[in-house]
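Working notes, structure below.
The values are calculated or read from the model by the stated rules, or taken from the named source; none is laboratory data. Only a predicted model underlies this, so the values are computations on that prediction, with no experimental measurement involved. Ideal geometry is used to build each Cβ from the backbone, glycine not excepted, and the neighbour counts take in all protein chains shown.
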Amino acid sequence: MNGGNHPSDVEHKYRAQRAPCNRELASELAHISADITDPVIKLKYLRGAMDGRAGYERSVQQVPLAGVRRVLYRLRGLEALDPLASDAAARATIRPETLIARTKARRMVSGTLAAGLLFMPALLAGVVLTLDPKPAKTAAAKPQLPPAPVVRQVVAPEVPPTPAEPLEADSLGVQPSTIWLADRGPDWELYSNGLRIETAYTVEGEPRSYRVHDRNGVLQKSVFTRPVGILFHTSESDLWPLEADYDKQIRRSSAGLLRYVRNTRAYNYVIDRYGRVYRIVDDETRASHAGHGVWAHGDEVYLDLNSAFLGVSFESRWEGGRTLPITRAQLIAGRNLTNYLRQRFAIAPEMCVTHGLTSVSPRQHLIGYHRDWARGFPFEAFGLPDLYAQPPPSVTLFGFGYDDEYLRAVGPWTGLTAANEALAREAKARSISVTALRAERRAAYQLWVNQLRGKNAGAVEIPAQQANKRG
């Protein structure tokens with residue numbers, strides 16, 4: 001999960017989607033991991049079991065008997081529990097029967113190695129005899145059958161995942177002029193644009209209540225209770241290969257995610273990999289999805305994104321500097337949900353933004369504390385403006401920076417470059433350094449946050465000539 005109050009840093013690092021292993025190994029690892037109750041420990045186990053597996057898989061695949069291959073894969077999987085078994089907290093999440101099986105597996109492997117060393121001379125002798133056999137007497141020569149054709153497995157080159165593809169205009173079909181509730185049942189709602197919302201998991205969160213600053217730093221007196229934007233997230237949860245053989249694991253992973261989101265009030269909506277939309281935290285209440293963040297629209301500046309924005313999470317994850325692709329079903333469902341929410345709450349397209357573009361670390365004064373959808377969100381396919389091209393207000397308004405780790409993970413993008421150039425121009429016009437300007441803006445951010453917390457109820461105005469130069 002994501003957000004400052006958001007458990008993604010530790011609790012929701014589940015299995016990363018990697019190059020799929022063969023089905024026999026995957027089946028054995030899934031069987032073993034099912035006995036591990038803690039999702040974090042489960043992720044550590046699966047990563048450890050799959051690291052460096054390529055050579056082992058190639059060796060085992062040479063074994064002609066499927067039963068023997070499965071045993072070898074099971075031994076490999078049980079051996080991978082060794083690092084976890086040495087940690088008391090991790091060991092407590094593993095079923096005792098599995099730990100016993102692990103011990104037996106280690107003994108079996110050790111015994112097999114010992115036996116192999118003991119009988120190696122005899123095995124070598126057998127090989128020599130096989131290579132130089134004595135001629136056998138035969139009554140008549142049998143006709144020789146042609147050799148069986150060799151079936152070579154063609155492995156496609158690995159292609160880096162790309163964001164979900166945009167849909168062609170002529171594939172959109174007829175859209176209703178307005179979106180209305182067309183039908184409903186005990187646990188679902190169906191809307192005129194094809195959107196179906198599952199409601200069985202719906203709970204109430206904390207009351208939605210927030211205030212807004214203007215760009216001069218004045219905290220407006222009005223208190224708002226309706227959402228004004230949508231914040232897109234990734235769930236950071238289990239991702240099994242989207243294949244029929246993994247259907248059980250996919251559904252079990254999604255069910256676990258939904259229970260967690262419901263218990264923690266982490267998002268308002270979750271879209272699973274089959275494109276099913278679940279309302280978790282009721283629209284009228286806030287979810288704890290955004291953490292510390294900054295966004296602006298027109299003259300309004302928003303610092304309490306949990307209350308001001310609805311949190312919509314796609315069952316996907318941020319991995320290795322990119323967001324893994326969402327499925328086409330998720331893209332269509334996400335677009336339908338976005339259109340419905342925008343109509344219901346009169347949300348401007350510029351207020352449909354991603355978590356990675358808004359998240360900040362106030363203590364370090366850095367952007368990108370959370371990086372889900374920091375790049376790769378299909379704004380065009382959703383009929384939304386490309387907000388990666390817009391200078392982030394966290395930089396232009398409050399002088400937040402970024403470190404080398406962020407650049408390695410995300411890389412420069414158009415809006416960030418434009419924001420830095422705007423700060424440089426203003427610093428030059430005021431005959432001060434960019435560093436001094438950033439420090440001034442960061443101090444203003446802390447004053448504005450203190451106002452929201454009630455530590456300083458008075459307005460903190462910024463001279464108009466400075467405010468007008470902000471992005």
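Results, tabulated for the structure shown:
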quantity	calculated
Residue within region 371-380 that is surrounded by fewer than 18 Cβ atoms within 10 Å (Cβ to Cβ), over 27 Å from G217 (Cβ atoms) and of a type outside the set (G, A, S) present	yes
Out of A348, A308, sole residue that is more than 21 Å from the chain's Cα centre (by Cα), buried (at least 24 other Cβ atoms within 10 Å of the Cβ) and more than 26 Å from A255 (Cα to Cα)	A308
Candidates R425, R442, filtered to the one that is at pLDDT 90 or above, in a helix (DSSP H, G or I) and in contact with a His (Cβ under 7 Å, 6 or more places away or on another chain)	R442
R76 modelled with pLDDT of 75 or more, out of contact with any His (no Cβ under 6 Å at 6 or more places or on another chain), outside the structural domain of V261 (by TED's automatic domain parsing) and within 10 Å of L25 (Cα to Cα)	yes
Residues that are assigned to a loop (DSSP other than H, G, I, E, B), surrounded by fewer than 13 Cβ atoms within 10 Å (Cβ to Cβ) and modelled with pLDDT under 70, drawn from region 18-65	A19, D51, G52, Q62, P64, L65
Region 326-385, residues that are closer than 16 Å to A308 by Cα, of a type in the set (D, E) and not in a helix (DSSP H, G or I)	none
L366 vs. criteria hydrophobic (A, V, I, L, M, F, W, C), touching a Ser or Thr at 6+ places or on another chain (Cβ under 7 Å) and modelled with pLDDT of 95 or more	no
Residue count for region 189-221, restricted to those that are closer than 30 Å to T396 by Cα and either acidic (D, E) or not assigned by TED's automatic domain parsing to the domain that holds A308 (or both)	1
Residue in region 207-226 that is modelled with pLDDT of 95 or more and within 19 Å of the chain's Cα centre (by Cα) present	no
Extreme residue, surrounded by the most Cβ atoms within 10 Å (Cβ to Cβ), among residues of region 212-265 that are farther than 27 Å from N339 by Cβ and of a type in the set (D, E)	D238
Residue check, H289 in a strand (DSSP E or B), within 30 Å of Q364 (Cα to Cα), at pLDDT 95 or above and in contact with a strand residue (DSSP E or B) (Cβ under 8 Å, 6 or more places away or on another chain)	no
Among the candidates R215, R226, R276, R286, residue that is within 26 Å of A443 (Cα to Cα) and either in contact with a helix residue (DSSP H, G or I) (Cβ under 8 Å, 6 or more places away or on another chain) or among the β-branched types (V, I, T) (or both)	R215
Condition met for S431 (surrounded by fewer than 18 Cβ atoms within 10 Å (Cβ to Cβ) and of a type outside the set (A, V, I, L, M))	yes
